[in-house]
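All remarks here apply to the structure that follows.
The values are calculated or read from the model by the stated rules, or taken from the named source; none is laboratory data. Being a predicted model, the structure only gives us computed values, none of them experimental. When we count neighbours, we look across all protein chains shown, and the Cβ atoms used for this are built from the backbone with ideal geometry, even at glycine. When the accessible area is computed, the model is the full protein with side chains, heavy atoms only, and any ligands, DNA or RNA have been set aside. Shrake-Rupley method; radii C 1.70, N 1.55, O 1.52, S 1.80 Å.
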Amino acid sequence: MEYTDAVAYVESLGKFGIHLGMERIQGLAALLDHPERKIRTVHVTGTNGKGSVTAFLTSILKESGRRVGTYTSPHFVRYNERICLDGQEISNEDFAAVTEKTKDALDKWLAGGGEQPTQFEFLTAMAFLYFAEKQVDLAVIEVGMGGLWDSTNIITPEVSVITNVTLEHTERLGKTIEAIATQKAGIIKPGVPVVTAAEGAALAVIRDTAEANHSALYIL
């Protein structure tokens, strides 16, 4: 597969829109031999600041001598921006290669009766595969929307970050701060530390979720 073909294929998946849920990404990941389980990660969500925090963490980890992957969205000019290694966009050649491998997995998933993944789910699977192949020391993974039902949430990170919570995407995440905070807190995993700058009702939800998961909570 050539780079232009890869971009055209990924672009074509945009017609499937946004559809939160875990079954499709779990199916793709399984057919790719679970690359997300082969890498250490940091998971970042929040209403504001998650892109900046992702950039800060990437820079810190890179300067400390680690090989670091970064997965972000959306892109400004081209899809390569979403998947980076040591601060550099994935090359056209590697983008084409991981697109082809992920497409093969998707074709098997569909042939087995699986539901069509969204473009974001496909790109998420691509990112995990690329980071596993490049044997990153850590990958900083930015949530696309919410957290609980976001396709990035198949990882078990070293630390979960929830920057803050305000009303956003209410048609999908809920009409109240508490409902949205529940979605954000969905990235908290058992025993995994949580860092947040959330306040008020959102912090109460995050605190309760952290306690239920026996996860240390650090409030900034």
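Residue by residue, region 123-129 carries 3J(HN,Hα) couplings of 5, 4, 4, 4, 4, 4, 4 Hz when phi is fed to the Karplus relation 6.51 cos²θ - 1.76 cosθ + 1.60 (θ = phi - 60°); x denotes Gly or Pro. Within 10 Å of each candidate Cβ there may be at most 15 other Cβ atoms; applying that plus a DSSP loop requirement, which chymotrypsin sites (Phe, Trp or Tyr not before Pro) in region 32-129 survive? Those that pass, being in a loop and sparsely packed, are Phe76. Calculation over all alpha carbon pairs of region 92-220 in 5 angstrom steps from 0 returns a P(r) of 2, 10, 18, 18, 16, 13, 11, 8, 3, 0 percent. Exposure check, 1.4 Å probe, all protein chains in place: Met145 carries approximately 30 Å² of accessible surface. The separation of region 22-53 from region 66-91, counted between C-alpha centres, amounts to 14 Å.
What's the Kirkwood radius of region 1-113 in Å, using all Cα pairs?
Numbers: mean 1/r = 0.0633 Å⁻¹.
After inverting the pairwise mean of 1/r, the radius is 15.8 Å.
For region 1-50, the equivalent ellipsoid built from the Cα gyration tensor has semi-axes of 23, 18, 14 Å, listed from largest to smallest. Using 0.36 nm per residue and subtracting the Cα-Cα separation, the extra length available between Gln116 and Lys38 on full extension is 25.6 nm. In whole percents, the pair-distance distribution calculated for region 132-189 from its alpha-carbon pairs, binned every 5 Å from zero, is 4, 19, 28, 21, 13, 8, 5, 2, 0. Taking all protein chains as they are arranged and a probe of 1.4 Å, the heavy atoms of Ser64 leave approximately 60 Å² accessible to solvent. Counting only DSSP H runs of at least 4 residues, each contributing -39500 (n - 2.57), and dividing by the residue count of the chain, the helix-based mean residue ellipticity at 222 nm comes to -13000 deg cm²/dmol. Atom-type composition of the exposed protein surface of region 1-44 places 50 percent of the accessible area on carbon and sulfur (1.4 angstrom probe).
Taken over region 47-113, the percentage of Cα pairs per 5 Å bin, counting from 0 up to the bin with the maximum distance, is 3, 15, 19, 19, 16, 13, 8, 5, 1, 0.
Eigenvalues of the alpha-carbon gyration tensor of the chain, scaled by 5 and square-rooted, set the equivalent ellipsoid semi-axes at 28, 20, 16 angstrom, largest first. Pairs over the 27 Å Cα-Cα cut-off, from the set Lys15/Lys62; Lys50/Lys108; Lys38/Lys189; Lys108/Lys184; Lys15/Lys38: Lys15/Lys62; Lys50/Lys108; Lys108/Lys184; Lys15/Lys38.
Contact order normalised by length for the chain, with contacts defined as Cα pairs under 8 Å and 6 or more residues apart; what percent is it?
Working: 405 pairs, mean separation 58.9, N = 220.
Computed over the chain, the figure is 27 percent.
When only the Cβ of Lys, Arg, Asp and Glu is charged (+1, +1, -1, -1), the dipole of region 175-218 relative to its Cα centre reaches about 140 debye.
Ratio of region 95-167's C-alpha Rg to 2.2 N^0.38 Å, to two decimals? Don't jump to the answer; show the numbers that get you there.
Working: Rg = 14.0 Å, N = 73, 2.2 N^0.38 = 11.2 Å.
Against the compact-globule rule of thumb, the ratio is 1.25.
Count charges around Lys101 for me, please; just the other residues with Cβ under 12 Å from its Cβ, Lys/Arg as +1, Asp/Glu as -1. Spelling it out: positives minus negatives among the neighbours equals -4. Stretching Lys175 away from Asp137 to a fully extended chain increases their span by 9.8 nm, per 0.36 nm per residue minus the current alpha-carbon distance.
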